[in-house]
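Engineer: The structure is given below, and queries will be raised subsequently.
The values are calculated or read from the model by the stated rules, or taken from the named source; none is laboratory data. Because the structure is a prediction, the values reported are computed rather than measured. Positions of Cβ are generated from backbone atoms using ideal geometry, with glycine treated the same way; all protein chains shown enter the neighbour counts. Surface areas here come from the heavy atoms of the whole protein model, side chains and all, with no ligands, DNA or RNA. Shrake-Rupley method; radii C 1.70, N 1.55, O 1.52, S 1.80 Å.
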Amino acid sequence: MASCGKVWERSHFLGKNMFLGEYRYSLDIKKRLSIPAKFRKTLGKNPILTRGLDGCLFLYPQREWKKLSQKLGKLPLGKSDARGLQRLMLSGAMEVNLDSLGRILIPDYLKDYAALKKEVIIVGLYNHIEIWAKEKWEEYSQKVSQEIGNIAERLGELGV
């Protein structure tokens, strides 16, 4: 499919403020990761990178991070689950710089959290990007694919 260091690329970037698709990239020797060109303008120069759920990293444009962090900040401190989510996402968050070649530097603590090695999968999910270790993404994707009928049924009850 595509070249320029990408092994493959699937899907499209639709709309001004939406991330969609699945992309395979490689971390370089300096722990830098290229972000798909289609995502860079919406992402902005200084996005926020943090620990995500299910063992991946989340990358947010500043405006979307602000919305999420405000919601996290309003969670009740008396609830253990709320404190856990706040700690995971807020303490792990850092502003990263998108360099002139569209790369971000992933700090060691986040690289270790997501078990990132050489091959990385970048997934666009509407208002944010997920960064996965290739093996973890394949395992997760396969598991969800096998359960998609049940998942759709449960979410149908929520009006999705």
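Engineer: Roughly speaking, to the nearest percent, how much of the chain's 1.4 Å accessible area is carbon and sulfur?
Structural biologist: 55
Engineer: Can you bin region 66-124 into rounded, prolate or oblate? Criterion: square roots of the alpha carbon gyration tensor eigenvalues sorted a ≥ b ≥ c, rounded for a/c under 1.5, prolate for a/b above b/c, oblate for the rest.
Structural biologist: Judged from the Cα gyration tensor, region 66-124 comes out prolate (a/c at least 1.5, a/b above b/c).
Engineer: Under a crude label model (7 Å from the Cα following the beta-carbon direction), how far is residue 126 from residue 81 in nanometres?
Structural biologist: Once both label points are built, they end up 2.0 nm from each other.
Engineer: In square angstrom, rounded to the nearest 10, how much accessible surface does residue 80 have for a 1.4 Å probe?
Structural biologist: Its heavy atoms expose roughly 80 Å² to the probe.
Engineer: Moving on. Please work out how much accessible surface residue 119 shows to a 1.4 Å probe, ignoring ligands, DNA and RNA, in Å² rounded to 10.
Structural biologist: 70
Engineer: If amide hydrogens are placed 1.01 Å from N in the peptide plane, which non-local residues have theirs closer than 5 Å to the one on residue 92?
Structural biologist: Excluding prolines and chain starts, which carry no amide H, the hits are 51.
Engineer: At 0.36 nm per residue, minus the direct Cα-Cα distance, what do residue 138 and residue 17 gain on full extension? Give it in nm, one decimal, please.
Structural biologist: Contour length minus the Cα-Cα distance gives 40.9 nm.
Engineer: Next question. Please turn the phi angles of region 42-50 into ³J(HN,Hα) values with the Karplus equation 6.51 cos²θ - 1.76 cosθ + 1.60 (θ = phi - 60°), one per residue in order, whole Hz, x for glycine and proline.
Structural biologist: Coupling constants for region 42-50: 5, 5, x, 6, 10, x, 9, 10, 8 Hz.
Engineer: Test of understanding: what is the full-extension gain from residue 70 to residue 95, defined as 0.36 nm times their sequence separation minus their Cα-Cα distance?
Structural biologist: Extra length available between residue 70 and residue 95 comes to 7.4 nm.
Engineer: Continuing with the same structure: Would you kindly derive the ³J(HN,Hα) couplings of region 94-109 from the backbone phi angles with the Karplus curve 6.51 cos²θ - 1.76 cosθ + 1.60 (θ = phi - 60°), listing them in order in whole Hz, with x for Gly and Pro?
Structural biologist: Result, ordered by residue: 8, 6, 10, 9, 8, 6, 5, 9, x, 10, 10, 8, 9, x, 4, 5 Hz.
Engineer: Also: Remind me, relative contact order of the chain in percent, using alpha carbon pairs under 8 angstrom and six or more residues apart?
Structural biologist: Dividing the mean separation by the residue count of the chain yields 28 percent.
Engineer: Hey, another quick one. At 1.4 Å probe size, with every protein chain present, just tell me what the per residue accessible area of the chain comes to in Å².
Structural biologist: Normalised by residue count, the accessible surface of the chain is 60 Å².
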